[in-house]
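Below you'll find the structure, written out as structure tokens, and then a few comments.
Nothing in this text is a laboratory measurement; each read-out follows from the coordinates by a stated rule. Not measured: the values here are computed from a predicted model. Positions of Cβ are backbone-derived with ideal geometry, glycine not excepted, and every protein chain shown enters the neighbour counts.
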Amino acid sequence: MKPHFLTYLKAIGLRERNIGKAKLVYKFFMEGVSVPIKDIFVTDYFSEENGRVYENLWFFSNNYSQAP
């Protein structure tokens, strides 16, 4: 996983366990699709009960986007 992706994930508050999961998904995606990933995005929202809830991890390339 690119270093600036990890910086982003830490900046939005992902814990190490979830960053590890993101790394696994990234690796799986990179092995299955032979397009370079240019950027990532995590969708999230705030819940009164659970605080910040992270929903989706999106991958973007020049011509393709995918949420696993």
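For this structure, a couple of remarks:
- Going from the residue with the fewest nearby Cβ atoms within 10 Å to the one with the most, R52, R17 rank R17, R52.
- For segment 1-51, the set of GluC sites (Glu not before Pro) satisfying both a DSSP loop assignment and a count of at most 16 other C-beta atoms within 10 Å is given as E48, E49.
- GNM flexibility winner over the chain from L57, L24, L14 (Cα, springs under 10 Å): L24
- Inter-label distance, R52 to K27: 2.5 nm, where each label sits 7 Å from its Cα along the C-beta direction.
- 3J(HN,Hα) from dihedral phi, segment 30-37, Karplus parametrisation 6.51/-1.76/1.60, rounded to Hz, x for glycine, proline: 5, 6, x, 10, 8, 10, x, 7
- Computing FRET efficiency as 1/(1 + (r/R0)^6) for N62 and A11, where r is the C-beta to C-beta distance and R0 is 35 Å, gives about 0.90.
- Look at the Cα gyration tensor of the chain: its axes a ≥ b ≥ c give a/c of at least 1.5 with a/b over b/c, and that counts as prolate.
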